[in-house]
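Everything on this sheet refers to the single structure shown next.
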Amino acid sequence: MINKAKIRTMINWVDLIQGMYVFNRTGKTPNKAYQAMIRLHGQTGGFSTNWITNRYRDLSQEQAIAACSGILGNLTVSEMNRINNQLKSDGYYVLEQVVPEKICDQITTFALTVPALIETNDHKNNEGYAIFDPDNPISKTYKVPENELINNVTIQELMADPSLYAIAKAYLRAEPVLTSVNTWFSPVFKPDVTGEASAQSYHFDMPNCRWIKFFLYLNDVEKHNGPHCFIKKSHHQFKKAKRLLKRGYVRIPDEDIYNTFGKENEVEFIAKKGTVIIEDTMGFHKGMIPRQGYRSIFEMSFAINLFGNEYQQYPIKLHSPQLREAIKHKAPTYQRYQCET
Ligand SMILES: O=C(O)CCC(=O)C(=O)O
């Protein structure tokens, strides 16, 4: 007997496969297919997402891994393998204080001049803009708009960085596509309210079928100013997590996460300014609610391709020679950005 749930799953597979066909021809994902991808992730405990990834992956491990030099250091093939293996196994990798203070400060100084997206009063969405004032916060997060960030020269240098690109390529086993550049401030504001928009309760991301994020702490992060948190190994296609994934694309209370994965698998990233956390945010993660001060963070995300979420194209004025060169040699990686001459 085929029950209703099985029929719904079958319809989702049809919508997904039709959408992949459209994407392969046009480069655009029908929203119906993207929603089907998210629903199937829950219905199949992650199996469908891995299935899509395997259709789009086109490099072997050996082809994908190469030595590189960049902001994360001079990484040999064996170091790249070590990083990649830990990412695959645990879902994260940390490089302590690897980005010079000057770069962190340049990003923060710039971000403090730009009106940032703030939350609605019910904390469910983002609406309206304000420049972040650490002494007088009016929102749980302040997200600096991407179209402003990508026109900053320091950020352009990070966008072009060969070591971030190389790690993304190794993990994704495909030519990585830069899908987002973000910076946000998380101050103490209504700390007893867990808002939806501020990503301060556990959740998984699902912008594409496979991606990797690089988080850079722009200030020192202690327990009190909102460390980023991750549940070790929760990025795997996980039978245990099926109950949680079935809830869909929603925020999950800490208790449910601990009961499923064990509190001992929660990693709180307490680290100094300049630390980079590389993470597969298909695993459960959140920002801890700050109780004192604020946290300031920069993030870049690379995906296997643009199948999934709808992406805006942004015009970009090239101030960094490194980014100009990178775009010339790796056009698919920077396909979201339209260069103005
Ligand atoms: O603020 C945080 O640490 C959480 C960030 C997050 O959920 C994300 O970038 O996907």
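Numbers below:
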{"quantity": "Amide proton proximity set for CYS339, modelled H, under 5 Å, gap of 5+", "calculated": "ILE316"}
{"quantity": "Given charges at beta-carbon only (K, R positive; D, E negative), |dipole| of the range 42-154 in Debye", "calculated": "480 debye"}
{"quantity": "Efficiency of FRET between TYR258 and ASN121 - r from beta-carbon atoms, R0 22 angstrom, step 0.05", "calculated": "0.15"}
{"quantity": "Förster radius 51 Å - calculated FRET efficiency between ASN3 and THR109, Cβ distance, rounded to 0.05", "calculated": "0.30"}
{"quantity": "Nonlocal amide H pairs with MET282, under 5 Å, H built at 1.01 Å", "calculated": "ASP205"}
{"quantity": "Among the listed pairs LYS232/LYS272; LYS88/LYS330; LYS28/LYS317; LYS232/LYS317, those beyond 27 Å (Cα-Cα)", "calculated": "LYS232/LYS317"}
{"quantity": "Charge context of ASN54, other residues only, Cβ under 15 angstrom, K/R +1, D/E -1", "calculated": "+4"}
{"quantity": "Radius of gyration, Dmax [the chain; alpha carbons; angstrom]", "calculated": "19.6, 64"}
{"quantity": "Ranking of ARG210, ARG324, ARG173, ARG57 by count of other Cβ atoms within 10 Å, fewest first", "calculated": "ARG324, ARG57, ARG173, ARG210"}
{"quantity": "Rg and Dmax of the range 1-123, Cα atoms only, in Å", "calculated": "21.1, 64"}
{"quantity": "Förster-model FRET efficiency, 45 Å R0, LYS240 and VAL153, C-beta, rounded to 0.05", "calculated": "0.50"}
{"quantity": "Percentage relative contact order, the chain, counting C-alpha pairs under 8 Å, at least six apart", "calculated": "25 percent"}
{"quantity": "Integer Hz, Karplus 6.51/-1.76/1.60 couplings in order for the range 88-103, x for Gly and Pro", "calculated": "5, 7, 9, x, 7, 8, 10, 10, 6, 6, 8, 9, x, 3, 4, 5"}
{"quantity": "Net charge dipole size for the range 234-341 [Lys, Arg +1 and Asp, Glu -1 on Cβ; Debye, nearest 20]", "calculated": "100 debye"}
{"quantity": "Aspartates and glutamates with Cα under 17 Å of LYS223, excluding same-chain neighbours fewer than 8 positions away", "calculated": "GLU96, ASP192, ASP254, GLU264, GLU266, GLU268"}
{"quantity": "Cα centre as origin, Lys/Arg/Asp/Glu Cβ charges: the chain dipole, Debye", "calculated": "1580 debye"}
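Bear in mind that the values in this text are calculations on the coordinates, not laboratory data. Worth saying up front: this structure is predicted, and the values here are computed from it rather than measured. Positions of Cβ are backbone-derived with ideal geometry, glycine not excepted, and every protein chain shown enters the neighbour counts.
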